[in-house]
1. How many residues are in a strand (DSSP E or B) and within 14 Å of another protein chain (Cβ to nearest Cβ) if we restrict to the range B:116-162?
2. Which one of these does B:ARG267 not meet: (1) free of Cβ contacts under 8 Å to residues at least 40 places away in the same chain; (2) crowded, with 18+ Cβ neighbours inside 10 Å?
3. Out of A:LEU80, A:LEU111, I need the residue that is more than 8 Å from every other protein chain (Cβ to nearest Cβ), more than 20 Å from A:CYS41 (Cα to Cα) and surrounded by 19 or more Cβ atoms within 10 Å (Cβ to Cβ). Which one?
4. For the range B:139-148, check the following and say yes or no: at least one residue is assigned by TED's automatic domain parsing to the domain that holds B:ASP204, surrounded by fewer than 24 Cβ atoms within 10 Å (Cβ to Cβ) and aliphatic (A, V, I, L, M).
5. Return a yes/no flag: does the range B:190-200 have any residue that is outside any helix (DSSP H, G or I) and modelled with pLDDT under 95.
Amino acid sequence: MLDCLVVDDSRTVRRAARRMLEARGFAVREAEDGQQALDACRAALPKLVLLDWNMPVMDGITFLRHARKEFGPDEPQIMLCTTESDFSRIVTALESGAQEYIMKPFDDEILAGKLEVLGLLPDEAA
Amino acid sequence: MSGAAFETIASLVRTRAGIVLGADKAYMLDTRLGGLMRELSLASLDALAAKLRAPGSERLAAAVTEALTTNESFFFRDGKPFEHLKRVLPRIAAARGPAQKLRIFSAACSTGQEAYSIAMVAEQLGLLPRLEVLGTDLSQEVVRRAREGVYSQFEVQRGLPVQMLVKHFKQEAGQWRVSPALRAGVRFETGNLLADLRHLGNFDVIFCRNVLIYFDAPTKSRVLSALADRLAPDGVLYLGGAETVLGLTERFTIIEGERGVYAPVVRMAAAG
Ligand SMILES: C[S@@+](CC[C@H](N)C(=O)[O-])C[C@H]1O[C@@H](n2cnc3c(N)ncnc32)[C@H](O)[C@@H]1O
């Protein structure tokens, strides 16, 4: 089963993301900051990490760099999901090893499109 | 709204655009035409219909038709056709002379996402300099937007991989503008698919997606046949997910193992 770790300090965002992902058959775990996310990945590597940028304790980009060093370039797939929407921010995330990027606000259609780009949607949903 | 008013408006969009408005769509007239009615200080759809029946209503008729089109589109819509194009375009390019343009028709192009997606595929293949995409649509407003090539944050996130966003778009005050390099390979014009298409010339590939669904069967047949006239014998036609040629024309055949991809049936030249 596809699984996703949703990393966001906002409970509202985590809930909304969980609802959309579960509706598409994902098993969802949650983390509130980058440090919790690292711990969760060490316990079991998810297929996908949906990653906020600005969070207390450890921010998303720091998590991303740690994760790439520790788990390699391809796994897990990491998709930023943040209000940071500046061109230079997107480039920074990609250069740090993110596969995809969602600029908030987002909805189910945007998420589905991005999952398809990542090859994480079953064919019939395409 | 009276039945007569609905009849007037429905028959107008059917004649002008081929679009069939079932009685179950009556509910949408108020929302879609509300802006136009306010602009003209018309109190009701009946008043609008009366004005449409009066002489000299050509511009109003065009505006009403435009308002009743559905313009939803997004980048790399349905994915599969663009993967297929990526495989087929090099073959077509090789079959032509190296200096020959690759002409692709984005029929009913709406706001241009399909045409620009085609250009992005050509760019990946190193074929952008040879590309000539023509997008046409009935609606002047969507053609204006397609030419402008500026998309909202929402629009550039529907189906567009972020690497393509970074590569082909420039950020401008919260919006995203298509690069001049892509735009150089793409052109837009207003045009009706029910009109004579011969002046558009011939195409190597035709995308005609999510527009036939609005037409009745005879109109679908007629448009498919006109498209067959414009397509190269080794060309490809892409239709939308809910569209087919089956039962509508003999001039296209399904390409085995693909969804929504059709090849023209090459007719033998008449003897003598
Ligand atoms: C849903 S959009 C499809 C856009 C794009 N092809 C896609 O698949 O994403 C349908 C478009 O068809 C256009 N249209 C409807 N009737 C037409 C006609 N008779 N001739 C040309 N365009 C037409 C509408 O204006 C609208 O922009």
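The values are calculated or read from the model by the stated rules, or taken from the named source; none is laboratory data. Values in this document were obtained by computation on a predicted structure and should not be read as measured data. Note that each Cβ is placed from the backbone with ideal geometry, even for glycine, and that neighbours are counted across all protein chains shown.
1. Of the residues in the range B:116-162, the ones in a strand (DSSP E or B) are B:131-137, B:150-151.
Add one more test, that the residue is within 14 Å of another protein chain (Cβ to nearest Cβ), and what stays is B:151.
The qualifying residues number 1.
2. That leaves (2) as the condition not met.
3. On the way: A:LEU80 fails: more than 20 Å from A:CYS41 (Cα to Cα).
Checking each option against the conditions leaves just A:LEU111.
4. yes
5. The initial filter retains those residues of the range B:190-200 that are outside any helix (DSSP H, G or I), namely B:190-197.
Now narrow it down to the ones that are modelled with pLDDT under 95: none.
Looking through the range B:190-200, none of the residues is outside any helix (DSSP H, G or I) and modelled with pLDDT under 95.
This table checks each residue for (1) within 18 Å of B:GLU132 (Cβ to Cβ); (2) touching a helix residue (DSSP H, G or I) at 6+ places or on another chain (Cβ under 7 Å); (3) not assigned by TED's automatic domain parsing to the domain that holds B:GLN163.
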position: B:LEU89; (1), (2), (3): yes, yes, no
position: B:THR111; (1), (2), (3): no, yes, no
position: B:GLU114; (1), (2), (3): yes, no, no
position: B:MET120; (1), (2), (3): yes, yes, no
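Conditions tested, residue by residue: (1) in contact with a strand residue (DSSP E or B) (Cβ under 9 Å, 6 or more places away or on another chain); (2) touching a residue at least 60 places away in the same chain (Cβ under 8 Å).
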site: B:HIS199; (1), (2): no, no
site: B:ASP204; (1), (2): yes, yes
site: B:ALA217; (1), (2): no, no
site: B:ALA228; (1), (2): yes, no
site: B:THR244; (1), (2): yes, no
site: B:LEU248; (1), (2): no, no
site: B:PHE252; (1), (2): yes, no
site: B:GLU256; (1), (2): no, no
site: B:VAL261; (1), (2): yes, yes
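For (1) surrounded by fewer than 21 Cβ atoms within 10 Å (Cβ to Cβ); (2) under 30 Å from B:PRO233 (Cβ atoms), each residue gets a yes or a no:
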| position | (1), (2) |
| --- | --- |
| B:LEU29 | no, no |
| B:SER41 | yes, no |
| B:ALA47 | yes, no |
| B:ALA54 | yes, no |
| B:GLU58 | yes, no |
| B:PHE76 | no, yes |
| B:LEU102 | no, yes |
